Structure formats: structure tokens, C-alpha cells
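What follows is a short report on a single structure.
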Amino acid sequence: MSMRKISFGKAINEALHQEMERDDSVFIIGEDVAKMGGDFGVTRGIWQKWPDRAKDTALSESAIIGLASGAAVCGLRPVAELMFADFIGVAFDQLVNNAAKLRYMFNGEVSCPMVVRAPTGSGIRTAYHHSQSVEPWFMNVPGLVIVAPSTPYEAKGLLIASIRNEDPVIFLEHKSFYSIKGDVPEESYEVELFKAEVKREGRDVTIVATMSMVALAEKAAEKLAEEGISVEIIDPRTLFPLDKDTINRSVAKTGRLVIAQEGPKVMGFGAEIAAMVVEDVFEYLKAPVKRVTTMDVPIPFSPVLEDYVVPTDVDITEACKAVVEF
Amino acid sequence: MDKKRLQSIYETMLTIRYFEDKALSLFEENQLRGSVHLCTGQEAVAATVCSHLRDEDYITSTHRGHGHCIAKGAEPDKAMAELMGKAAGYCQGRGGSMHIADVTKGNLGANAIVGAGLPIAAGAALSAKLRKTDQVAVAFFGDGASNEGVFHEALNLASVWKLPIIFVCENNQFGISTHVSKSTSVQDIAVRAKAYDIPGEVVDGNDVFSIDEAIKRAIKRAKAGEGPSLIECKTYRWYGHWIGDPQVYRTKEDVESWKKKCPIKRLETYFLENKIMTQQELTVMHNKAVEVIDAAADFAISSSDPDPAFVLDNVYCE
Ligand SMILES: Cc1ncc(C[n+]2csc(CCOP(=O)(O)OP(=O)(O)O)c2C)c(N)n1
């Protein structure tokens, strides 16, 4: 495959172009996604090539999701964009009460192959309504798939796999990633859904990290290596349904677990991982599980406050030390 | 309209204009972060509508909310400090540009979820009705917001319950890049009032006098217990959707033609033609507004950052 370095945003853009090209049933829908090419520029160039298959909507998030799911059960493959993941709040019913359940409600006679792309997470000083980590809002809704890439390579491959997947996918794009570059093949390819990746192998402690926390975990791991602590990092990539085996196997090996996530601690992604590990591999645990998370607070605007409430690599390093020294 | 009210509206418009100019330059100097939406060109709406409101009346505002906030009586110092995320800001720097709230002055907040303010304002109006006060509520919102479900839900219930509320739509013709004609089923959003059996009227949003007439009628109706009104103010935003918007969706000529319809210039022309104020007096007022805003910026710049130790305060009642 021919590799080049492109940004996370460009990788997603390329995935969209290639899937639009490959499959006529794929179309994009959302606010300012067509002519303007999206608020973050991710859908650029699509409307110019396929004007009928790029739909600028009104400000109507419920309708965006409802239209997407209606079209999906009738044979199309919509890729909807919600400008910010927080706005899923406005479309919650269509996603949770409807899209997620349509296959079940229709006796499996239809699929609902839709993707909802949504920029998520904190870090760009946009406060309460543009900075939340929404994944736990959906993690107890059977029928939904939640995908969360952490590199440009994964972004492209996971989006292609998500578009081809038969069930509704919420595709979370951490908004601090858009301009970050990495190796991405030019050709179309899939990164397997429902499969975690071991980002780094180690012996002493497992860090399960999502999105922005993966790079911080890697930084922490480097630091800890200098101190003789060997860290294994796992990025689940599909947050729900979860690749339990990869995580359980790692924890069985290291005996220690730290989970690093953005978003409040209470009932966050890490809560599910901790519960799972305690249920499945309790006998291997040498120390209590630790969670490194955003504080339980709305994300404030002021840079000093935002930086304070969101976890850092130092928080991850300290949590790892604490479980190793337990 | 009496001279004093006109002058006060004028002063408010100038304060808003210079506030926005300053926010822009602070942003360009990298002193201000985040997502900042300027209301330059739309000042007449906030200034005129709020000139009829008392502190105890309510408003809800939007992501483009600096003007509403100032018109409802906010001090530019504390507003600018909020934009800069400083402890002295209206929300202690937690909210920033998109979330300034000033509850003591009846400003129930700018809101970064488009449309979210409408039912909240209706709730404020419901409270006035149940508490048997003569307060009114005003919901400011954009043309784009009128396509959200909450717009329709709020208008319907406000009508059914005859709530003392005025829905003020600032139709600046765009929701980000999307022209209203590409997203909205009606040419005049005011027409949507018909569906809820309330008065709907279109006014020139750059003309203080037209807005004034409409808001007076609507407030009278609200206070008489006859229910809500919808006022659509046709206007235009001079700058991009947010600071940094490349504005590929409109032409320079379009922007320039609207700058010629500047609401402030228009009122000045009226003042001069009718010999209400002299050019010299106008200049004095400009200079005063510039001074106020310069002082606000100095205040904001020299204020301290919020102390993270208090970041968890007010998540819940203590
Ligand atoms: C529910 C929701 N959807 C989308 C957005 C993103 N967004 C912010 S402002 C805006 C356009 C709003 O248009 P309008 O209501 O006309 O107000 P204007 O910006 O023109 O003042 C959009 C799409 C948002 N903040 N909230």
C-alpha cells in the first residue's frame, strides 16, 4: 500500500470520497456539509462531485438522524454529520429510541446501516455545549455501535468499515485530532470493527485508553519505562460492543489496570471496563483498578479551568505508579 | 419616540459596536480564544427591544449574544472579562462568549445549543404568569433556530397558555453558510406565527423605529394576558459566522451593500436631519463608547484567571 502522511481530517475525507465512489447508496447529510464541506472541513469536495448525494439540511438534528435512519432501512447508507457531538442531545430520541432499535423492531427484516459522525471531546475552548465526551450516553443502548479512532490510519479504515457495517454507528472524532498527521494508505481499506488494538506491549500494568488519552498514555509509558515499569496500552477503538477478550487477556497478564478517558468518571466508559474486569478476571488482579478521567463537571471555557478538569499524562503516570506500588 | 429613549438606544448600539470591534481585535491578538460570534450590523434589534424591558423582565440569548447581554444592562467590563475567561467575568470565566449570563439583570443566558433558549424563555414567561407578576420574557434567536423542533414546541405552548413572551427572530439570512432560502420553507419566518395562531410581523431589523413599534405592540399584548407574538427582524451580520470564517458562501458586494444599511448610521442620519443631535454631539458619544470599551478591555486583560480550586462549585446546590 502506498503510504503518505495526511491529517486525521483528511483521512476521514478520503474514506468518504472512496466509499461514495464505490457505492451509490452512500450519501452525506448534515448542517453545512455540502457546499461548505463541513464545519471542520471534513466533507470537502463531495458535493462538487456528487451534488445529489450531499445534503445540506436546516438546523434540525432530529430530522437529520430520523431521515438518515429512514433512508437506511430503505436501502441507502447515509453518513450523517452532527457538527458537534453535544448536539446529539437534540436528536437523542431518533438515535436511541428509533435508529438503535429498528432492526429489532422489524424482526431483523431490515438493516439500519447508517453512520453518525460527531466531533467529540474537549480542548478547543468551546465550553459546556461543544466539549462533552458523549460516548457513555450511548453505551447502554443495545443496537448502537460506538467507534472512536485515535490515529489518522484508524480514522480512515474504521470509517470505511463503519459505512459498510449493517447497524447504526456513532463515529466519534476527537476534535483535537483533525490536524494531526499520520501514515495513511492511499487505497481503500478497512480496520476491523469490534477489535481492540494493543498499542504497546508491557508486563506490569495495562492502560486502557480512548481517543485523546492514547497519546497521553504513550507519553506516560515512556516515562514509566525509564523507571522500570513496563506498560501495556490498549485502545478499544470500538467502545461498544466491546472487544472484551483483548482487555481481559492483558489484565490477566499484567494484573493491574488503569483506564484513561475523557468525560466524567461517574458511569463513564471506564466504569464499564472496571466492572467487566472485576467480573471476568478478578483472580488475576494484584491491585485495585484505577480510573483517570475528566472531573465530574461541565467543561468550563477558561483555558486554565479546562486544562485543570481534563486528565493529563502526569495523572496517568501517577495512577500507574499507584497501582504498581499498591 | 422621545429623545431620551432614542439617545439611550443609540448609546447601547455604539457600546455593542465597539465591544464587538474590540472582541475581534483581542481575538486577532490571540488574547481571546474559542468560538466567538459577532453581532455587528444587528445592533438595532437588541438595543431597541431591550430598551422596553426592565431588569425584572427576562431574555434568553444565543451564541451571538454579546449585544443582547449589553442591551439588557450588562457591564462591558464583566462581559469582556467573561469573553477572556477571567475570574471577574459574569460566569467567572466558565462560560466564555457563548454562555454569558447575567441573571440579576434578567439575562437567562446566551446559549450554544441553537434554539434552546426559546422554551426556557417560555418557562420564564410561565413563571411570571403563575406568580402573577407583570414581567415579560423575550427570546432572541436566529433564522436558523426557527427550523429546530423546539421553536415550534415553544410557540405552540406559549400560544395555548397565552404566555407573556415575545419571540424575536433576528433573520440575518444565514445559518453558518446556509442561506435561509435553502433551509427554510417560508420566505418570512413571521408567517410561522399563523400556525400557532399568534401575531407575526416582519420588520426592518436595521430600523430602530420599526422595531420599536413592533415590540411596543407585542409587550402590550403580553401584559394584557393575550399571549405571545413573533417579530421577525430582517437584518445582516457583517462579519463571518464566527471569527475566522472564510465566508465562501457570500460575496463582498453583498456584505458591502448591507454595510450601507448600517443601523447606527441610519439613526445618526435621522438625528442630524431632524436636528435632534449635532455631528459634534454624535462624536462625543462615539468617543465615550470607545472609552468605555477600552476600559473594559483593560479591565479584562488585567483581571486574574479563575482559581481551579473552585471549579466544582455550583455543579450542585451546596
Ligand atoms: C442544536 C445546534 N445545532 C447546530 C449548532 C451549530 N451552529 C451554531 S450557530 C449555527 C447557525 C445558527 O443560525 P441562526 O440561528 O440563524 O443564528 P445566527 O448564527 O445567524 O445568528 C449553527 C448551525 C448548534 N450550536 N446547536
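Here are some notes:
- Screening the candidates B:L126, B:L130 for the property of being free of Cβ contacts under 8 Å to residues at least 12 places away in the same chain and away from the ligand (no atom under 13 Å from the Cβ) yields one hit, B:L130.
- Condition met for B:V208 (more than 16 Å from the ligand (Cβ to nearest atom), within 19 Å of the chain's Cα centre (by Cα) and closer than 30 Å to B:S25 by Cβ): yes
Let's see how each residue does on (1) surrounded by 18 or more Cβ atoms within 10 Å (Cβ to Cβ); (2) free of Cβ contacts under 8 Å to residues at least 60 places away in the same chain; (3) touching a Ser or Thr at 6+ places or on another chain (Cβ under 8 Å); (4) within 28 Å of A:F87 (Cα to Cα):
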{"position": "A:N165", "(1), (2), (3), (4)": "yes, yes, no, yes"}
{"position": "A:P168", "(1), (2), (3), (4)": "yes, no, yes, yes"}
{"position": "A:I180", "(1), (2), (3), (4)": "no, no, yes, yes"}
{"position": "A:E187", "(1), (2), (3), (4)": "no, no, yes, no"}
{"position": "A:F194", "(1), (2), (3), (4)": "no, yes, yes, yes"}
{"position": "A:V198", "(1), (2), (3), (4)": "no, yes, yes, no"}
{"position": "A:E201", "(1), (2), (3), (4)": "no, yes, no, no"}
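- Scanning the stretch B:162-175 finds no residues that are surrounded by fewer than 24 Cβ atoms within 10 Å (Cβ to Cβ), touching a residue at least 40 places away in the same chain (Cβ under 8 Å), in contact with a Phe, Trp or Tyr (Cβ under 6 Å, 6 or more places away or on another chain) and over 22 Å from B:W242 (Cβ atoms).
- Residue in the stretch A:276-292 that is more than 24 Å from A:T246 (Cβ to Cβ) and not basic (K, R) present: no
- Qualifying residues in the stretch A:300-326 (those that are among the β-branched types (V, I, T) and more than 9 Å from chain B (Cβ to nearest Cβ)) - the one farthest from B:A87 (Cα to Cα): A:V324
- Breaking point among (1) free of Cβ contacts under 8 Å to residues at least 40 places away in the same chain; (2) more than 28 Å from A:E306 (Cα to Cα), for A:T254: (1)
- Helices (runs of 4 or more DSSP H) wholly inside the stretch A:2-121 that include at least 1 residues being more than 14 Å from chain B (Cβ to nearest Cβ) and more than 28 Å from B:D245 (Cβ to Cβ): A:8-22, A:61-73, A:102-105
- Any chance B:D212 is without any contact (Cβ under 8 Å) to a residue 40 or more places away in the chain and closer than 27 Å to B:H66 by Cβ: no
- Enumeration of residues in the stretch B:133-181 that are away from the ligand (no atom under 16 Å from the Cβ) and hydrophobic (A, V, I, L, M, F, W, C): B:V136, B:A137, B:L157, B:A158, B:V160, B:W161, B:L163, B:I165, B:I166
- Taking (1) crowded, with 16+ Cβ neighbours inside 10 Å; (2) modelled with pLDDT of 95 or more; (3) not in a helix (DSSP H, G or I) in turn, B:S304 satisfies each apart from (1).
- Candidates B:V202, B:V186, B:V191: the one that is aliphatic (A, V, I, L, M) and within 14 Å of another protein chain (Cβ to nearest Cβ) is B:V186.
- Residue under evaluation A:A225, criteria (1) closer than 22 Å to A:A161 by Cβ; (2) out of contact with any helix residue (DSSP H, G or I) (no Cβ under 9 Å at 6 or more places or on another chain); (3) not charged (D, E, K, R), criterion not met: (1)
- Residue list for the stretch A:15-24, restricted to those being in contact with a Lys or Arg (Cβ under 7 Å, 6 or more places away or on another chain) and surrounded by 17 or more Cβ atoms within 10 Å (Cβ to Cβ): A:A15, A:M20
- Residue match in the stretch B:206-222 (condition: polar (S, T, N, Q), over 25 Å from B:V248 (Cα atoms) and modelled with pLDDT of 95 or more): yes
- Considering (1) of a type in the set (K, R); (2) in a loop (DSSP other than H, G, I, E, B); (3) more than 14 Å from chain A (Cβ to nearest Cβ), the lone condition that B:K265 does not fulfil carries the number (2).
- Boolean, A:D243 is away from chain B (no Cβ under 14 Å), touching a residue at least 24 places away in the same chain (Cβ under 8 Å) and touching a Leu at 6+ places or on another chain (Cβ under 6 Å): no
Let's see how each residue does on (1) under 21 Å from B:S177 (Cα atoms); (2) within 16 Å of the ligand (Cβ to nearest atom); (3) of a type outside the set (D, E):
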residue: A:D52; (1), (2), (3): yes, no, no
residue: A:T57; (1), (2), (3): yes, yes, yes
residue: A:I64; (1), (2), (3): yes, yes, yes
residue: A:A68; (1), (2), (3): no, yes, yes
residue: A:A71; (1), (2), (3): no, no, yes
residue: A:G75; (1), (2), (3): no, no, yes
residue: A:V79; (1), (2), (3): yes, no, yes
residue: A:G89; (1), (2), (3): no, yes, yes
residue: A:Q94; (1), (2), (3): no, yes, yes
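- Extreme residue, farthest from B:A297 (Cα to Cα), among residues of the stretch B:98-116 that are facing chain A (nearest Cβ under 8 Å) and in contact (Cβ under 8 Å) with a residue 40 or more places away in the chain: B:V114
The values are calculated or read from the model by the stated rules, or taken from the named source; none is laboratory data. Computed from a predicted structure; not experimentally measured. Counting neighbours? That spans all protein chains shown, and the Cβs are built from the backbone with ideal geometry, glycine included.
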